[in-house]
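All remarks here apply to the structure that follows.
What follows is calculated from the coordinates using simple rules that are stated; it is not laboratory data. A quick note: this is a predicted structure, and the numbers were derived from the prediction, not measured. Here Cβ is always computed from backbone atoms with ideal geometry, including for glycine, and neighbour counts include all displayed protein chains.
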Amino acid sequence: MKSKGLGLKIVVGLMLLFLVLFISSSLLARESSYSNEIIINKPINEVFEKLSDSNFLPKWNPLAENVTAEKATANKVGSIYLIKAKQQNKAFQVKQTITKYNKNNAFGDILDVENMISVNDYILSDENGKTKLIKHTTIKGKGHFIRWVTKIYKGNFKAAEQKSLTLFKQALEQ
C-alpha cells in the first residue's frame, strides 16, 4: 500500500517539476533571435525597391494572398499593411508595420500574427554589383506556451526564413 502512495507522490512531483520548468522557461525565454543571409544577383537599388514594396510580397511569399494599405506615411516609417494569408487552408491576417526605411541600406518591419510578433531588420550591402541581404529576426510569443514553442522551434523558423529569402531571390532574378 505504501508503494502505491509513493509512486503517486513521485508522479505528482514530476508533473509539478515539469510545470515549474515550463512556466519559468517561458518567463525567461521571452523571444528567439536568429539571422539569415543571401546574395541576390541584382543591384542593391532593385533589391531594396522590391523588398520595401509590400505589394510584391505575394509574388515570393506562398502564404500571402494579398496586401492592402491600412495607413500610408510619406516616409514609409509607420505605414501599416494588412496581409491576408493562408496556410493549410486556414486563413489569417498579418499586420505589417514599417519600422525602418533607409533607402538602399536598411528596411525593418514588425509582423503581428495571431500569437506571435516577428521583428525583422533587413540590412543590404553591395557585393560587386550583387546585393548581400542579411535578415535579423526576433520572434516574440504572446503567452507562456507560444514563448516556449518559439524557443523549441527556433531552428524551424530560421529554416523557413531562409526558404523565404530564397523565394525572394528567385522572384527578383527571373
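Modelled this way, with points 7 Å down the Cα-to-C-beta line, the labels at Ala160 and His136 are 2.2 nm from one another. Inter-label distance, Phe145 to Val11: 2.3 nm, where each label sits 7 Å from its Cα along the C-beta direction. Working note: 222 nm ellipticity from helices only, DSSP H runs with n ≥ 4, each -39,500 (n - 2.57), summed and divided by the residues of the chain, gives -12000 deg cm²/dmol to the nearest 500. The alpha-carbon positions of the chain define a convex hull whose volume is 136 Å³ per residue. Helix screen, the chain: DSSP H segments with Cα axial length of 18 Å or more and mean Kyte-Doolittle hydropathy at least 0.0 are 2-28.
Along the axis of the charge dipole computed for the chain (Cβ charges of +1 for Lys and Arg, -1 for Asp and Glu, origin at the Cα centre), the listed residues Ser125, Asn41, Ile10 are led at the positive end by Ile10.
Inter-label distance, Ala69 to Asp121: 2.7 nm, where each label sits 7 Å from its Cα along the C-beta direction.
Based on other C-beta atoms within 10 Å, arrange Phe56, Phe92 from fewest to most.
Numbers: Phe56 17, Phe92 12.
Ordered from fewest to most neighbouring Cβ atoms within 10 Å, Phe56, Phe92 come out as Phe92, Phe56.
Computed from point charges on the beta carbon alone (+1 for Lys and Arg, -1 for Asp and Glu), the dipole magnitude for region 31-173 about its Cα centre is near 360 Debye. Can you work out the PRE-style zone for Ser33? Point 7 Å along Cα to Cβ, and I want the residues of region 72-109 with backbone N under 16 Å. Within reach of a label on Ser33, which here means backbone N under 16 Å from a point 7 Å along Cα→Cβ, region 72-109 contributes 108-109.
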